[in-house]
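Below: one structure, written as structure tokens.
Every number in this text was worked out from the coordinates using simple rules, so none of it is lab data. It should be emphasised that the depicted structure is a prediction, and the values quoted were computed from it without experimental measurement. Every residue, glycine as well, gets a Cβ built from its backbone with ideal geometry; the counts of neighbours run over all protein chains shown.
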Amino acid sequence: MSARPVFVFVFGSLFSACGYHTVIGNEASGERFAVVLASSNVADAIASDEVLAGVRDELARRGALATGNGYPRCEVEILRADESSEGIAASPNTDGRLLPMSRATRVSVVARAWVTPSPGASPLRDTGDTRAFETVAVAPNARAATFQHDDAVRAAGRRVGRILGARILGFPSSSEE
């Protein structure tokens, strides 16, 4: 046997794989997680449900979602929902004076998640505080503003849930700041 085919085989075997793997886990591990709410500091139950739905969406998309409340499980804590003004405009009052008015509102949801492998076990894979936000224009009336605000909270909650799900599985994702 000549040296050339042996060299090509050895060289190809050593350098054919790039060596990339996720830091915490991967899809091929077969590990599946149930998703449960550990606690919520947000009065809006729909926002909490959307965060959990976002985590479930991401885990299901990557083949890592288990049904029920068993172990191992991903426990989620919703820390807060914030609201801030995005831009100020001068708006005329009924008597003609100009008053400052918000042009848009930024609604954000902050949450964290971790894996509990078994009852009483120490948490693993803590994601840290993670934020997602949605910006909506100020509505012309109170009814429209209520719907826009609720939709923004739901969208931000779902997005932060997806980010948490990716982080639990070890995939890179960033918090929105």
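Listed values, structure above:
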| quantity | calculated |
| --- | --- |
| Student exercise, region 47-177 dipole from Lys, Arg, Asp, Glu Cβ charges, in Debye to nearest 20 | 300 debye |
| Estimated FRET transfer efficiency when R0 is 30 angstrom, pair A121-D82 (beta carbons, to 0.05) | 0.40 |
| A104 versus S91: modelled label distance in nm, points set 7 Å from Cα along the beta carbon direction | 1.6 nm |
| Region 64-79 - phi-based ³J(HN,Hα) in whole Hz, Karplus 6.51/-1.76/1.60, Gly and Pro as x | 10, 9, 10, 8, x, 10, x, 10, x, 9, 9, 9, 10, 10, 8, 8 |
| Summed side-chain charge close to D126 - residues other than D126 whose Cβ falls under 13 Å, Lys, Arg +1, Asp, Glu -1 | 0 |
| 3J(HN,Hα) from dihedral phi, region 46-62, Karplus parametrisation 6.51/-1.76/1.60, rounded to Hz, x for glycine, proline | 5, 4, 4, 4, 5, 4, 4, 5, x, 4, 4, 4, 5, 5, 5, 4, 9 |
